[in-house]
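First up is the structure itself, then whatever we jot down about it.
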């Protein structure tokens, strides 16, 4: 059975700082890889078994979306078998998709398999507009007719999907995944140029290939897809979560501790490891993953978020918390999302010295942080507050931690097992 722990939206975390983390953390499957793969199950009438599935609410919500389309789901610990043999294409309402943006990923599978789809414009973290324009453009290039009506994306393919060349204006992960999934059902070959290179994109391609697709080049800027897929039952093991691994690496660094990150893959984290080493953190491969340790003072380092293989925007908030403890000043530039500094006022409540100017944040480290009441605003902002609280004097209460449960599996339990003084409080 599933491991999901039911929590209240009003749950809080209580953290008393000052504990050095020591031990091992098992890195879960990648949430951002799992979500499109769950959606991809709708492409085929045959069962898809996904293993190493993270036990987080975003995954449960996406499973709920495909279930509403008629999928039967057999759930076990960190695995799910999705049988869509009886699936139908019906409206995916706003109430269904408002909790996360990734639900737009069901649009391409529904359109490819059934020839029509009606999907509400998505919600999710309030970290920027993140429009669906590139998704729509990619599907239109493949032959779809799409309109936006009363908050719905209404799509049809009266003449079927036809392979083509798609040039993305920027390497969007979601648009690349949408184009890949739709192209598996198109007549002829599709070429995607300026494709996103993230490991999660390559993992989706591996999953689709296991289902019967023929995709080459995923993980590069040029992806080729042969259409008219002969689908069959499949099983796929989801890659480890590089963002979770990076978060725990920063947890070890910020507390001056040492953590073994079981299952973490160095090849997915080169930019993160390079920057951590520049701050004085040691990272090396072990028998089961990566080992991260710090036994010297932290040095300030500058950061610019970039598409993979650059430094991920999903670790910018966590790195900012780390720089609050470093000697000197660091400049952090956010180039992916225009509104991803909402954690700054809350970090400042803990005593951080941060100045914002547009898409840049100047962090002057070395100030002592002190516990306070703070409010989580989005998934990654939430965990940056946890990291800062780990080295703050006294007690910190973090409110609205349901954001954390969207993307981190049992974060408080994993930290507690490594020595953190942390507990979850009910409403």
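The values are calculated or read from the model by the stated rules, or taken from the named source; none is laboratory data. These numbers come from a predicted model, not from an experiment. Methodologically, a virtual Cβ is constructed for each residue, glycine included, from the backbone with ideal geometry; neighbour enumeration extends over all protein chains shown.
The table below lists the values:
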item	result
The stretch 90-101, residues that are within 17 Å of residue 175 (Cβ to Cβ) and either buried (at least 24 other Cβ atoms within 10 Å of the Cβ) or without any contact (Cβ under 8 Å) to a residue 12 or more places away in the chain (or both)	none
Boolean, residue 188 is surrounded by fewer than 16 Cβ atoms within 10 Å (Cβ to Cβ), more than 24 Å from residue 34 (Cα to Cα), modelled with pLDDT of 95 or more and out of contact with any helix residue (DSSP H, G or I) (no Cβ under 9 Å at 6 or more places or on another chain)	yes
Number of the condition not met by residue 382 [criteria: (1) in contact (Cβ under 8 Å) with a residue 60 or more places away in the chain; (2) closer than 14 Å to residue 11 by Cα; (3) in a helix (DSSP H, G or I)]	(1)
Residue identified as assigned by TED's automatic domain parsing to the domain that holds residue 19 and part of a helix (DSSP H, G or I) among 356, 315, 362	315
The stretch 385-415: number of residues that are touching a helix residue (DSSP H, G or I) at 6+ places or on another chain (Cβ under 7 Å) and over 19 Å from residue 57 (Cβ atoms)	5
Matching entry among 71, 87 (being touching a helix residue (DSSP H, G or I) at 6+ places or on another chain (Cβ under 7 Å), in contact (Cβ under 8 Å) with a residue 40 or more places away in the chain and under 16 Å from residue 109 (Cα atoms))	87
Residue within the stretch 346-366 that is buried (at least 22 other Cβ atoms within 10 Å of the Cβ) and within 25 Å of residue 100 (Cα to Cα) present	yes
Some residue of the stretch 25-45 being farther than 23 Å from residue 410 by Cβ and outside any helix (DSSP H, G or I)	yes
Complete set of residues in the stretch 229-258 that are within 30 Å of residue 45 (Cβ to Cβ), free of Cβ contacts under 8 Å to residues at least 60 places away in the same chain and either surrounded by 21 or more Cβ atoms within 10 Å (Cβ to Cβ) or outside the structural domain of residue 38 (by TED's automatic domain parsing) (or both)	none
Boolean, residue 262 is surrounded by fewer than 23 Cβ atoms within 10 Å (Cβ to Cβ), out of contact with any helix residue (DSSP H, G or I) (no Cβ under 6 Å at 6 or more places or on another chain) and within 21 Å of residue 359 (Cβ to Cβ)	no
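Yes/no per residue for (1) under 24 Å from the mean Cα position of the chain (by Cα); (2) modelled with pLDDT under 95; (3) surrounded by 22 or more Cβ atoms within 10 Å (Cβ to Cβ):
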position: 11; (1), (2), (3): yes, yes, no
position: 24; (1), (2), (3): yes, no, no
position: 45; (1), (2), (3): no, no, no
position: 77; (1), (2), (3): yes, yes, no
position: 85; (1), (2), (3): no, no, no
